[in-house]
Amino acid sequence: MKDTNMTTTPRYSIRLSRRAFLGATAAGAGLISQPLGARAAPAATGSAIAFDGDSLILAKDTLSRRDGDGGWIELPAPAAGGILSLATHPGRAGRIAAGLTSGGMALSEDGGRRWEARSQGLPDAPVTAVTVAAAEPDTIYAAIRGDGLWKSEDAGRSWALAMDRPWLADAERDLTALASVDLATGMGGIWIYAGTELGITRVPDCFCRWQDVQPGDAMDALASGKPAPSEAPLPEGETINGLASAASLPTRLYAALPSGIWESQDAGVVWSQISGTGALAVAVHPTNADHVVAVTGDGLVQSRDGGANWTAPIPA
């Protein structure tokens, strides 16, 4: 049964990016690129999960793949470091983007069996979240700890700064989760949703400014001049550990929080708690918005009915 008890979310201050115009120049000139050999030794893999078609890719201590209802097969981790974040795209089966604990990104084109470094131009810092643009499989976004949101339009071969970190509660905040949500912004593009240590925010992919999630589109927010309160927000002050957008139903979002797993059916305006088990990561099936899997401290939990019922933890 879904829990509809809600708390109040903090309001977000908004400011324009102050470095975006420098990103392409810096990346093109190689001013912040780091050769693969200069990176730190591989680090432990964190908790991340993604669907690759009907298969699951799980990074938790090790990297594993589960095809259908079969068993887990261990995969080789990228040589450049442990995995902190994962992203896939329903239109590119087998392609997996991995953000690395030691900095940079790696890409697999064969379901995680082989990896290639795709870090040229990225700052040498942990990649806390990655997502692939919903309408453009070659466009990848990466959140860099201590830096901002970076963008590649060539599957990670080159990168440029897209946006500073959001300014929330009088400080810049790191991005802890990302999702590309295929809904119109009113500004000719779609949304990038982001989790932070204080809650959720979003930016149009024209990267004009971060804003609260609210009814309407980005043009409505610009016209109003101030953020509108969410009707039923996520819990106040909780870190968003994971975000997932249902490709088959873009208004459906899932969020992994310490307090549990949360669901929105209207693109993040109204949220309900669908599990009280704290979650570290979450993924939704590319063609079934009701099929959601989350990483918890005890293992994986799975629901095939949008969170109304969950399986017992599945060891992984």
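The values are calculated or read from the model by the stated rules, or taken from the named source; none is laboratory data. Just so it is clear, the structure is predicted and the values come from calculations on it, not from any experiment. Neighbour counts run over all protein chains shown; Cβ positions are idealised from the backbone, glycine included.
Only one of THR25, THR8 is of a type in the set (Ser, Thr, Tyr), over 29 Å from ALA294 (Cβ atoms) and modelled with pLDDT under 85. Can you tell me which? One residue alone meets the criteria, THR25. For the stretch 238-266, which residues satisfy the criterion of being under 20 Å from ALA134 (Cβ atoms), within 11 Å of the chain's Cα centre (by Cα) and in a loop (DSSP other than H, G, I, E, B)? The answer is ILE240, and nothing else. Check off (1) in a loop (DSSP other than H, G, I, E, B); (2) under 17 Å from the mean Cα position of the chain (by Cα) for LEU149 and give me the number that stays unchecked. That leaves (1) as the condition not met.
Among the residues of the stretch 150-164, some residue qualifies, meaning at least one is under 14 Å from TRP210 (Cα atoms) and among the charged types (D, E, K, R).
Take PRO126 and tell me if it is modelled with pLDDT of 95 or more and touching a Leu at 6+ places or on another chain (Cβ under 7 Å).
Values: modelled with pLDDT of 95 or more: yes; touching a Leu at 6+ places or on another chain (Cβ under 7 Å): yes.
Judged against the criteria, PRO126 is a match.
Listed here are the residues, each with its yes/no results for (1) outside any loop (DSSP other than H, G, I, E, B); (2) closer than 25 Å to PRO126 by Cβ.
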position	(1), (2)
ALA59	yes, yes
ARG65	yes, yes
GLY70	no, no
GLU74	yes, yes
GLY81	no, yes
LEU84	yes, yes
GLY91	no, no
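If a residue must be loosely packed, with under 15 Cβ neighbours inside 10 Å and at pLDDT below 95, how many such residues does the stretch 278-298 contain?
To start, the set of residues in the stretch 278-298 that are loosely packed, with under 15 Cβ neighbours inside 10 Å comprises 287, 297-298.
Checking the rest, the ones that are also at pLDDT below 95 come to 297-298.
Going through the stretch 278-298 one residue at a time, the tally reaches 2.
When only residues in the stretch 107-118 that are touching a Ser or Thr at 6+ places or on another chain (Cβ under 8 Å) and not charged (D, E, K, R) count, which is surrounded by the most Cβ atoms within 10 Å (Cβ to Cβ)?
Start the filter on the stretch 107-118 by keeping residues that are touching a Ser or Thr at 6+ places or on another chain (Cβ under 8 Å), which leaves 111, 114-116, 118.
This time we only want the ones that are not charged (D, E, K, R), so: 111, 115.
Numbers: GLY111: 19, TRP115: 22.
Among those residues, the one meeting the criterion is TRP115.
Note on the stretch 190-214: residues that are small (Gly, Ala, Ser), in contact with a Phe, Trp or Tyr (Cβ under 9 Å, 6 or more places away or on another chain) and closer than 25 Å to PRO90 by Cα total 1. The residues of the stretch 119-129 that are part of a loop (DSSP other than H, G, I, E, B), surrounded by 19 or more Cβ atoms within 10 Å (Cβ to Cβ) and either free of Cβ contacts under 8 Å to residues at least 24 places away in the same chain or under 19 Å from the mean Cα position of the chain (by Cα) (or both), listed by number, are SER119, LEU122, PRO123, PRO126.
Would you be able to tell me the number of residues in the stretch 273-315 that are closer than 23 Å to HIS89 by Cα and touching a residue at least 60 places away in the same chain (Cβ under 8 Å)? Before you say what the answer is, go through the steps one by one.
The first filter runs over the stretch 273-315 and keeps only residues closer than 23 Å to HIS89 by Cα, leaving 279-295, 300-307.
This time we only want the ones that are touching a residue at least 60 places away in the same chain (Cβ under 8 Å), so: 280-287, 293-295, 300, 307.
Of the residues in that region, 13 qualify.
The residues of the stretch 267-278 that are over 17 Å from the mean Cα position of the chain (by Cα) and in a loop (DSSP other than H, G, I, E, B), listed by number, are VAL269, TRP271, GLY276, THR277, GLY278. Determine whether the stretch 31-44 contains at least one residue that is farther than 30 Å from SER248 by Cα, touching a helix residue (DSSP H, G or I) at 6+ places or on another chain (Cβ under 7 Å) and either surrounded by fewer than 13 Cβ atoms within 10 Å (Cβ to Cβ) or at pLDDT below 50 (or both). The answer is yes, given that some residue of the stretch 31-44 is farther than 30 Å from SER248 by Cα, touching a helix residue (DSSP H, G or I) at 6+ places or on another chain (Cβ under 7 Å) and either surrounded by fewer than 13 Cβ atoms within 10 Å (Cβ to Cβ) or at pLDDT below 50 (or both).
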